[in-house]
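Participant: One structure, as structure tokens, below. Some questions next.
The values are calculated or read from the model by the stated rules, or taken from the named source; none is laboratory data. Here the structure is a predicted model, which means the values were calculated and not measured. Cβ placement follows ideal geometry from the backbone for every residue including glycine, while neighbour counts extend to all protein chains displayed. Just so you know, the surface numbers come from the protein's heavy atoms only, side chains and all, with ligands and any DNA or RNA stripped out. Shrake-Rupley method; radii C 1.70, N 1.55, O 1.52, S 1.80 Å.
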Amino acid sequence: MKQGVVFNIQKYSIHDGPGIRTTVFLKGCPLKCWWCHNPESQKIEGQLMFLANKCIVCRDCEKVCPTGAISFSNKGFNYDSSKCKLCEKCSEACPSEALEFAGKKLSQEDVIKEIEKDKIFYEESGGGVTFSGGEPLVQIDFLDNLLKLAKAKGLHTAIDTCGYSLWENIDRIKDKVDLFLYDIKHMDDEKHKKYTGVSNKLILDNLMKLAKEGKKIWVRIPIIPGINDDDINIEKTCKFISSLNLKDVFLLPYHNIAIDKYKRLDMKYKVLDIENPDDEVMETTAQKFRGYGLNVKIGG
Ligand code: SF4
Ligand code: SF4
């Protein structure tokens, strides 16, 4: 596949692997985590985001829309995604930047050109490129091509994955990936299904296979108070990681900064009553992981 759907290319990223990196966010994810802070990443298609606080109700968007996807009622702006052809005429016509698109089709050459612009920073800092999402393995052909091109340019490559993919996909790209940032969200399968929408069996199985092959892996664990930070889950997680002879663990504190994005996308946010864990809570949690001999860092 020569084109893929990308929703962000973030420069000077320092949380997605070693050194200074460019992180390319690909759209599409098989999980629907309650705490997802990139809800615009979940669908593979482009999505229109409406910023109500910027709208001056000029209705220019409604006038230019060729499909009738936008209309206004006495409750305000309405958007029917089933009619939308993603032509972007509405966002181009909007005088107040109240309409944004999440996701653009980009060619693999354009993405690599953008990544290459910062090659000097990667060389000086030991950085490179990280493919994230969503779940980058969802666009496996596009990801595979990007990895091939990145390796051909001599770049250090990482992927940030939830691990929920057929092994044949992971097997196909694994030798072009220098570092896997691999998420573990919950060890209890029923809770994993409840909070992410899928079983953890495939995820844990794929991690075991990668570890067995001696791949470089950093395990990343989002710490969601009341959901996966209890002692039983932490113990099971630590024992599992240790059994694979993996050492590097990154604890990512839950934060609720994405609430506004859910509103813009007209999506429901499920974990509204959870406090962001403060430094003390994170340090206490990190100590529990260190108790199992793991190298733990807080943050990406
Ligand atoms: S992207 Fe095009 S089809 Fe979709 S709402 Fe905007 S103008 Fe209408
Ligand atoms: S064009 Fe922009 S400002 Fe005007 S009604 Fe549409 S969203 Fe609101």
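Participant: Give the residues of segment 41-52 that are surrounded by fewer than 18 Cβ atoms within 10 Å (Cβ to Cβ) and within 15 Å of ligand 2 (Cβ to nearest atom), sorted by residue number.
Facilitator: Hits for segment 41-52 are L51, A52.
Participant: I'd like to check something: does segment 25-36 contain any residue that is of a type outside the set (K, R), open to solvent by less than 20 Å² (accessible area, probe 1.4 Å), outside any loop (DSSP other than H, G, I, E, B) and more than 16 Å from ligand 1 (Cβ to nearest atom)?
Facilitator: yes
Participant: Considering segment 71-105 alone, what residues qualify as being away from ligand 2 (no atom under 11 Å from the Cβ) and open to solvent by less than 40 Å² (accessible area, probe 1.4 Å)?
Facilitator: C84, A102, G103, listed by residue number.
Participant: Given the criteria buried (at least 17 other Cβ atoms within 10 Å of the Cβ) and either outside the structural domain of K212 (by TED's automatic domain parsing) or free of Cβ contacts under 8 Å to residues at least 60 places away in the same chain (or both), does L252 qualify? Show your work before the answer.
Facilitator: Numbers: buried (at least 17 other Cβ atoms within 10 Å of the Cβ): yes; either outside the structural domain of K212 (by TED's automatic domain parsing) or free of Cβ contacts under 8 Å to residues at least 60 places away in the same chain (or both): yes.
The answer is yes for L252.
Participant: Restricting attention to segment 71-93, and to residues there that are within 11 Å of ligand 1 (Cβ to nearest atom) and assigned to a strand (DSSP E or B), which single residue is farthest from N8 (Cα to Cα)?
Facilitator: So, considering only residues that are within 11 Å of ligand 1 (Cβ to nearest atom) and assigned to a strand (DSSP E or B), the one farthest from N8 (Cα to Cα) is S71.
Participant: Which one of G128, G134 is at pLDDT below 95 and crowded, with 18+ Cβ neighbours inside 10 Å?
Facilitator: Exactly one residue qualifies, and that residue is G134.
Conditions (1) at negative phi; (2) modelled with pLDDT under 95, marked per residue:
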residue	(1), (2)
A211	yes, no
P222	yes, no
N233	yes, no
K239	yes, no
S242	yes, no
F250	yes, no
I259	yes, yes
D266	no, yes
D278	yes, yes
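Participant: For segment 94-106, which residues satisfy the criterion of being within 8 Å of ligand 1 (Cβ to nearest atom) and at pLDDT 90 or above? Let's see the steps before the verdict.
Facilitator: First, the residues of segment 94-106 that are within 8 Å of ligand 1 (Cβ to nearest atom): 99, 101.
Once the filter is applied, which keeps residues that are within 8 Å of ligand 1 (Cβ to nearest atom) and at pLDDT 90 or above, segment 94-106 yields only L99.
Participant: In addition: Taking segment 53-70 as the search range and keeping residues that are open to solvent by 70 Å² or more (accessible area, probe 1.4 Å) and in contact with a helix residue (DSSP H, G or I) (Cβ under 8 Å, 6 or more places away or on another chain), which one is nearest to ligand 1 (Cβ to nearest atom)?
Facilitator: Of the residues in segment 53-70, the ones open to solvent by 70 Å² or more (accessible area, probe 1.4 Å) are 53-54, 56-57, 59, 63, 66.
In the following step, the residues that additionally are in contact with a helix residue (DSSP H, G or I) (Cβ under 8 Å, 6 or more places away or on another chain) were identified as 63, 66.
Values: K63: 10, P66: 6 Å.
By that ranking, first place goes to P66.
Participant: Among the residues of segment 217-235, write down those that are surrounded by 14 or more Cβ atoms within 10 Å (Cβ to Cβ) and either not in a strand (DSSP E or B) or not β-branched (V, I, T) (or both). Spell out the reasoning first.
Facilitator: To start, the set of residues in segment 217-235 that are surrounded by 14 or more Cβ atoms within 10 Å (Cβ to Cβ) comprises 217-225, 227-229, 233-235.
Scanning segment 217-235 gives W218, R220, P222, I224, P225, I227, N228, D229, N233, I234, E235.
Participant: So, one more: So for segment 252-261 (the condition being in a helix (DSSP H, G or I) and closer than 17 Å to H186 by Cα), does at least one residue qualify? Full working, then the answer.
Facilitator: Start the filter on segment 252-261 by keeping residues that are in a helix (DSSP H, G or I), which leaves 259-261.
Next, from what is left, pick out any that are closer than 17 Å to H186 by Cα: none.
Looking through segment 252-261, none of the residues is in a helix (DSSP H, G or I) and closer than 17 Å to H186 by Cα.
Participant: Hey, can you tell me all the residues within segment 53-70 that are near ligand 2 (Cβ under 9 Å from one of its atoms), more than 30 Å from I274 (Cβ to Cβ) and out of contact with any strand residue (DSSP E or B) (no Cβ under 7 Å at 6 or more places or on another chain)?
Facilitator: Passing the criteria: I56, V57, C58, D60, K63, V64.
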